[in-house]
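Data block below; observations after.
The values are calculated or read from the model by the stated rules, or taken from the named source; none is laboratory data. Treat the numbers as computed from the prediction; the structure is a model and nothing was measured. With ideal geometry, Cβ positions are generated from the backbone for all residues, glycine too; neighbour counts draw on all protein chains shown.
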Amino acid sequence: MSPSPTLVLEARELRKDYQGGDGGTIEVLRGLDLSVSTGEFVAVTGESGSGKSTLLHLIGALDRPTAGQVLLDGVPYDSLDGDALAALRNRKLGFVFQFHHLLRDFTALENVAMPLLIAGQPPGAARARAQELLDSVGLTERVSHLPAQLSGGEQQRAAVARALATSPALLLADEPSGNLDVRNAEQLHSLFAGLAREFHTAVVVVTHNRALAARADRILTLSEGVLAPESSYGAETVPS
């Protein structure tokens, strides 16, 4: 029997302001709330400039909100100092971006093992875990290849494997298929569709891609600084 879902991420009344060039205040997020549980895949959509990446940076502990609170596994980010936040990012968060950011002089296996080695795992255990993850994303035959020897889709799947290396509580992805052709994008979308349940993690993806968003358990639209279910705005708000 699968474990019962538990609340992993909670964002409460998140606000984020920036100072504009004229000295005025630009309100990007305006009291936003979000909760995500284990085994849940949530897609966040919205127009360019709506604040999707800003939201991802806040829940990924890469930036601090102007007001409000983010909690991961019940621990509020604002209770942690810089070192503790860095440790949280390394151990409990996984990141996948539009560009894979693989280390070009290391094989796929070495790239995926890297976070584990940095965390202090023995090399043998790190390599075994990396092999297991690469198998799970369909790269069994490509483990010894350098990034330049992999297709764009293979590189991005290796990046997903690397993001999962430390068994994060939360996986965050920013336009993960935005740089891929249709065939490779579809393969990546299929991978994301089962990711949350297979690895018993929570997944939040920011995307403009309707096909990827359609794979999610929930689609939320970011508009005017707050989140709402897609149906509140209409399906046309999710660009293809």
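Of the set (1) over 18 Å from the mean Cα position of the chain (by Cα); (2) touching a residue at least 40 places away in the same chain (Cβ under 8 Å), all apply to V112 but (1). Checked against (1) of a type in the set (S, T, N, Q); (2) modelled with pLDDT of 90 or more; (3) more than 16 Å from the chain's Cα centre (by Cα), T45 meets all criteria but (3). Only a single criterion out of (1) at positive phi; (2) buried (at least 21 other Cβ atoms within 10 Å of the Cβ) is not satisfied by H101, namely (2).
With respect to being free of Cβ contacts under 8 Å to residues at least 60 places away in the same chain, in contact with a Phe, Trp or Tyr (Cβ under 6 Å, 6 or more places away or on another chain) and either among the hydrophobic types (A, V, I, L, M, F, W, C) or not in a loop (DSSP other than H, G, I, E, B) (or both), A61 fits the description. Output the number of residues of region 138-148 satisfying the condition of being touching a residue at least 40 places away in the same chain (Cβ under 8 Å) and closer than 12 Å to L109 by Cα. Selection size over region 138-148: 2. Evaluated against (1) out of contact with any Lys or Arg (no Cβ under 8 Å at 6 or more places or on another chain); (2) touching a residue at least 24 places away in the same chain (Cβ under 8 Å); (3) under 26 Å from P5 (Cβ atoms), S151 falls short on exactly one condition, (3). Inspect region 77-90 for any residue being farther than 23 Å from S177 by Cβ, of a type in the set (S, T, N, Q), surrounded by fewer than 14 Cβ atoms within 10 Å (Cβ to Cβ) and over 22 Å from the mean Cα position of the chain (by Cα) and give the result as yes or no. Among the residues of region 77-90, at least one is farther than 23 Å from S177 by Cβ, of a type in the set (S, T, N, Q), surrounded by fewer than 14 Cβ atoms within 10 Å (Cβ to Cβ) and over 22 Å from the mean Cα position of the chain (by Cα), which makes the answer yes. It is to be established whether one or more residues within region 178-188 are crowded, with 23+ Cβ neighbours inside 10 Å and touching a Phe, Trp or Tyr at 6+ places or on another chain (Cβ under 9 Å). No, there is no match, as no residue in region 178-188 is crowded, with 23+ Cβ neighbours inside 10 Å and touching a Phe, Trp or Tyr at 6+ places or on another chain (Cβ under 9 Å). For region 157-167, does any single residue satisfy the condition of being modelled with pLDDT of 90 or more and within 19 Å of V44 (Cβ to Cβ)? Yes, region 157-167 contains at least one residue that is modelled with pLDDT of 90 or more and within 19 Å of V44 (Cβ to Cβ).
Per the conditions (1) of a type outside the set (K, R); (2) part of a loop (DSSP other than H, G, I, E, B); (3) over 14 Å from H145 (Cβ atoms); (4) in contact (Cβ under 8 Å) with a residue 60 or more places away in the chain, the sole criterion not satisfied by F95 is (2).
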